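Structure first, then comments.
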Amino acid sequence: MKQNYRLPYYNTFLRWIAGLVAIGYLFFCQPLYGYDFFDYLKDVHQKAIAKEIYNNETWLYLLHYYPVAPDSQSDITDRRFFLSEKGNVDPQAELYETLEAIFDPVFEKGDRHGQCLFRSRFIWLDRQLNFDRRYLPEVRCKNYQVWRDLVSAQSISLVFASSFMDNPGSVYGHTFLKINREKGGTRLNLLDHVIQYQALPEDNIGIVYVMKGIFGGYKGLYPLDPYYIPIQNNIEFEDRSIWEYELNLTDQQMEILLTHSWELAHFYTQYYFFKENCAYRIVELIEIAAPQYRFKDKFLFWAMPSQSVVYALNEKGLIRQVNYFPSRTRQLMQKFGNLRPEEKRLLGSLVADPGLMNSDAFQNLSEERKIRILDTVLDYSRSRVNKDRDKPRTADHRRKFLLARSRLGKSRGYEAHVSDEQSIHQGHAPARFQIATGNRNDLPFLQMAIRTSYHDLLADDTGHLKNSHFTTLDFYFRIYEEDWTLHKLDIVYLFDLAPNNIISDDWSWRFRAGVYPSTISSCLHCRKSQLQTAFGKSLSMFSNSTVGYLLAHGSFEADRHYEDDYLLGTGVDMGVLVDINQTWRLQMELTGSQGIAGDDHAYVKGFVQQRWRLSQQSDVRLQWNYQTEHEVLLALNGYF
């Protein structure tokens, strides 16, 4: 009887428990996976449309629409970057599919889930629409979180690596972003990480590499690498100097930049050597984080790494700090220049025979002078190890120098300082306009010239690679009385003078292609097409203020005045480049050439030209030329 008496109360208790469970299910479980979940997602779509998120500037930036307008289209060519089939031309359609991907309840996707793969879209949309966490799938983006913990970002720097003439893809320099573990740091922290944009070449054949790079034949990728990788490539192997410009970004701007870089690391776009290159894509990332800067609008016909640095420095308050790390060659030449004449000669002997460290000439030196010599010879041997990696003898010499240096211990009073190399922003701009007047055999003319890039041998070296010449699309037009003509066109012109001394035996070289005045006819409109390459040696003289050079050249020339309309020739170029003072530079050159196939025409030509620097962006030049006739020219150059 007692048992039957208590049964109704027991059943009532069970019914209460069942009711509470049902209510909990209705209020907490059903909204996540039943009708209310999809109803909330529908509300999110409607809210996004009401706020016109698809027309928002930041949304268009995240999709890489350029110009930044809804009726534009994205310049990302990887179709995987878009969740909608027409996402590259329809930002509203891409918004719809992005929200669907963010709320996708399929957790098994892991790092391929929309919240992980499109991290910057997710974070920015969450700020705009304030997603309700009760309905938002909780996705663990493991790879992304590991990367963020690894980079431990405290600030971001824009990095510029100087020019390197021996690689066609490096002559303009290189820019990338560095993620700093330490804000305001001054050390070269190799464990920091970088965000780069670079071509993925399928071949390294010179002319093929250049042509594919110009016409978008390569994919451009956004690798997220440790800092030591670009440092190894740029400082160790390509001997460049590095400048770090720490950016003054807010935490929210840094978040957008980092998350969007994570997105881009999974995709590619077409790489174009002159426009959509590292300079363009890297400042684009800064602009996405801080749209007020409008960097991309400033790149009219081409984008150069040097310009990206100048544009950033021109923005008041954007650059917080600048760090400079010199190239191996600059460190070496600075130390070499501080040696006494007899020490330089001794160093040259030691390089050939480390055994001379036991000679009286070396042993009789003070410990401090030995340290200076060995520090210099170690820098030299390190550069030779990089160049002669297949030569055990070079590495063996370096080991002997290291052992001798270790016995001397730390210097007491000597510390090698490398003076600051002037940055690219302190030099002239890459493009040039010229207006000139002259006389050709008593016939006056007016000359106008326009050059797309970059730096010529006679120009001021400030911020540029010393004793180098790299110009592209350099047009010269002349007006004789009322008759105008294209006088000359340098399609591409590269000239690398590498002066030899005790510790340098590099080759100097020149490559030139274009349209030039005929060397067989003196008519005003007669032109030849020419392709020329030259190799030789150059030598520094008079405390490095003068460089003399001697080159042997080979050339192919097409001219209708030649027999069989062409000439295959060889010859010699000799010249001298003199820095008279800080504003005055002089160059003289004499060329002799002889045809060996096609036409057997031989010719001699020469020039003397001088430059006076007026300002950072202007200079004046006086030039005398001789080819088939004499001419004199006075020119004013402006750089922009």
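Each helix, a run of at least 4 DSSP H residues, gives -39500 (n - 2.57); summed and divided by the residues of the chain, these come to -9500 deg cm²/dmol at 222 nm. Summarising the label geometry, the points placed 7 Å from Cα in the beta-carbon direction at Ser349 and Asp149 lie 6.0 nm from one another.
At a 1.4 Å probe radius, carbon and sulfur cover how many percent of the accessible area of the range 442-584?
Numbers: 4000 of 6330 Å².
Of all accessible area on the range 442-584, carbon and sulfur atoms account for 63 percent.
Give the ranking of Tyr228, Tyr480 by solvent-accessible surface, highest area first, calculated with a 1.4 Å probe.
Tyr228, Tyr480
For the cross-link pairs Lys391/Lys537; Lys298/Lys605; Lys86/Lys178, the ones whose C-alpha atoms lie over 32 Å apart are Lys298/Lys605; Lys86/Lys178. Average accessible surface for the chain: 49 Å² per residue, computed with a 1.4 Å probe over protein heavy atoms with every protein chain in place. Working from label points 7 Å from Cα in the Cα-to-Cβ sense, the Gln426 to Leu443 distance is 4.6 nm. Taking K and R as +1 and D and E as -1, what net charge do the other residues with C-beta under 15 Å from the C-beta of Lys275 add up to? The answer is 0. When each of the peptides 152-158, 473-479, 185-191 is scored by the mean number of other C-beta atoms lying within 10 Å of its residues, the order from highest to lowest reads 152-158, 473-479, 185-191.
The Rg/Rh ratio for the range 293-366 is 1.36, where Rg is the radius of gyration of the alpha carbons and Rh is the Kirkwood radius.
Using a probe of 1.4 Å, the accessible surface attributed to Lys488 totals some 50 Å² when neighbouring protein chains are kept in position.
Applying 1/(1 + (r/R0)^6) with R0 = 22 Å to the Cβ-Cβ distance of Lys47 and Lys142 gives a FRET efficiency near 0.15.
For Tyr227, Tyr209, the ranking by accessible surface with the largest value first comes to Tyr209, Tyr227, using a 1.4 Å probe.
Between the range 430-485 and the range 79-97, the alpha-carbon centres lie 47 Å apart.
Helix 278-289 and the longest principal axis of the C-alpha atoms of the chain enclose an angle of approximately 30°. For the range 163-227, what does the alpha-carbon gyration tensor say about shape, rounded, prolate or oblate, given a ≥ b ≥ c as the root eigenvalues, a/c under 1.5 as rounded, and a/b over b/c as prolate? Prolate is the answer for the range 163-227, as a/c is 1.5 or above and a/b outweighs b/c.
Label positions at Gln616 and Glu182, each projected 7 Å from the Cα along the C-beta direction, are separated by 3.0 nm. Round to a whole angstrom and tell me the spacing of the C-alpha centers of the range 535-561 and the range 237-297. Each part reduced to its Cα centre gives a spacing of 39 Å.
Listed peptides 126-137, 251-262 appear in the order 251-262, 126-137 once ranked by packing, highest mean of other Cβ atoms within 10 Å at the front.
Going by the alpha-carbon gyration tensor, a ≥ b ≥ c the square roots of its eigenvalues, is the range 493-640 rounded (a/c under 1.5) or, if a/c is not under 1.5, prolate (a/b greater than b/c) versus oblate?
oblate
Cα centroid separation, the range 597-614 to the range 149-220: 38 Å. Taking the C-alpha atoms only, the angle from helix 341-352 to the longest principal axis of the chain is near 70 degrees. Diffusion coefficient (Stokes-Einstein, Kirkwood radius over C-alpha pairs, 4 °C, 1.567 mPa s) for the range 176-289: 85 µm²/s, rounded to a whole number.
In a shell of Cβ-Cβ distance under 15 Å around Pro305, excluding Pro305 itself, what net charge do Lys and Arg (+1) and Asp and Glu (-1) give?
Numbers: positive: Lys178, Arg240, Lys275, Arg281, Lys296, Lys298; negative: Glu238, Glu244, Glu276, Glu284.
Around Pro305, the surrounding residues sum to +2.
I need the shape label for the range 523-608. Rule: rounded when a/c is under 1.5, else prolate if a/b > b/c, else oblate, with a, b, c from the alpha carbon gyration tensor. Taking the square roots of the gyration eigenvalues as a ≥ b ≥ c, the range 523-608 is prolate.
The angle between the Cα long axis of helix 91-102 and the longest principal axis of the Cα atoms of the chain comes to about 60 degrees, rounded to the nearest 10. Computed in the context of the full set of protein chains, the accessible area of the range 326-408 at 1.4 Å probe radius has 47% of its extent on carbon or sulfur.
The values are calculated or read from the model by the stated rules, or taken from the named source; none is laboratory data. Since we're looking at a predicted model, the values are computed, not measured. When we count neighbours, we look across all protein chains shown, and the Cβ atoms used for this are built from the backbone with ideal geometry, even at glycine. Ligands, DNA and RNA are stripped out before the accessible areas are found, and what is left, the full protein with its side chains, is counted by its heavy atoms. Shrake-Rupley method; radii C 1.70, N 1.55, O 1.52, S 1.80 Å.
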